[in-house]
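Reviewing the structure listed below.
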Amino acid sequence: MLRHFLGSGRFFGGVGLLKVFDAKDQGATLPNERDRFYYANLITEMQRHFKSSCQPLFAYLETMATHGAYTDTYMPEVDVPGGGRGTDPEMHEYLRRLAMAQMDYAAMVLDAARLPLSDAFRARKRLMLLCNGRYF
């Protein structure tokens, strides 16, 4: 999404997000790039941040591939299930897009799991394991 869409850039700035990397900043060529495009950019930014800073990173990501209209087939070359026989064509397309989004998210989680952890984060992770996932 572009930061000027519905004043979202002003909104994000107003709630304390100082840097907004919109679709243009990320080099998007389509208004609704596939989710994996944005996830890859997020992973790259996380890698850059973790190499240069010990500060925490808050990232909020919006993706657009599952947004309508559903009258056209999005990325018809991708073979994913939609609805079963008799499903309304627009519902079928929506379900196809959700299946692609699920695939892209799963791949991003695997990529994020490969990021190097800081010593402080490793210590917190050990503590959470020792405390059964609960902080006291």
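The values are calculated or read from the model by the stated rules, or taken from the named source; none is laboratory data. These numbers were taken from a predicted model, which means no experiment stands behind them. Note that we place each Cβ from the backbone using ideal geometry, even for glycine, and neighbour counts take in every protein chain shown.
List of remarks:
- When residues of region 60-87 are limited to those that are of a type in the set (Ser, Thr, Tyr) and exposed (fewer than 10 other Cβ atoms within 10 Å of the Cβ), the one modelled with the lowest pLDDT: Tyr60
- From the list Gly13, Gly27, Gly9, the one residue that fits, being buried (at least 16 other Cβ atoms within 10 Å of the Cβ), small (Gly, Ala, Ser) and out of contact with any Cys (no Cβ under 8 Å at 6 or more places or on another chain), is Gly9.
- Just so you know, in region 110-131 the residues that are surrounded by fewer than 10 Cβ atoms within 10 Å (Cβ to Cβ) and within 24 Å of the chain's Cα centre (by Cα) include one that is modelled with the lowest pLDDT, and it is Pro116.
- The single residue among Leu61, Leu30, Leu42 that is farther than 18 Å from Leu95 by Cβ and touching a residue at least 40 places away in the same chain (Cβ under 8 Å) turns out to be Leu42.
- For region 1-26, the candidate set comprises residues that are in contact with a Lys or Arg (Cβ under 7 Å, 6 or more places away or on another chain) and outside any helix (DSSP H, G or I); within that set, the residue that is modelled with the lowest pLDDT is Leu2.
- Unmet requirement for Met75, which otherwise passes all of (1) free of Cβ contacts under 8 Å to residues at least 24 places away in the same chain; (2) farther than 16 Å from Val20 by Cα; (3) outside any helix (DSSP H, G or I); (4) aliphatic (A, V, I, L, M): (1)
- Consider region 27-59 and keep the residues that are in contact with a Phe, Trp or Tyr (Cβ under 8 Å, 6 or more places away or on another chain) and in a loop (DSSP other than H, G, I, E, B). The one that is modelled with the lowest pLDDT is Leu57.
- Matching residues, region 32-53, being more than 15 Å from the chain's Cα centre (by Cα) and closer than 17 Å to His67 by Cα: none
- Failed condition for Arg96, given (1) among the charged types (D, E, K, R); (2) touching a Gly at 6+ places or on another chain (Cβ under 9 Å); (3) surrounded by fewer than 13 Cβ atoms within 10 Å (Cβ to Cβ): (3)
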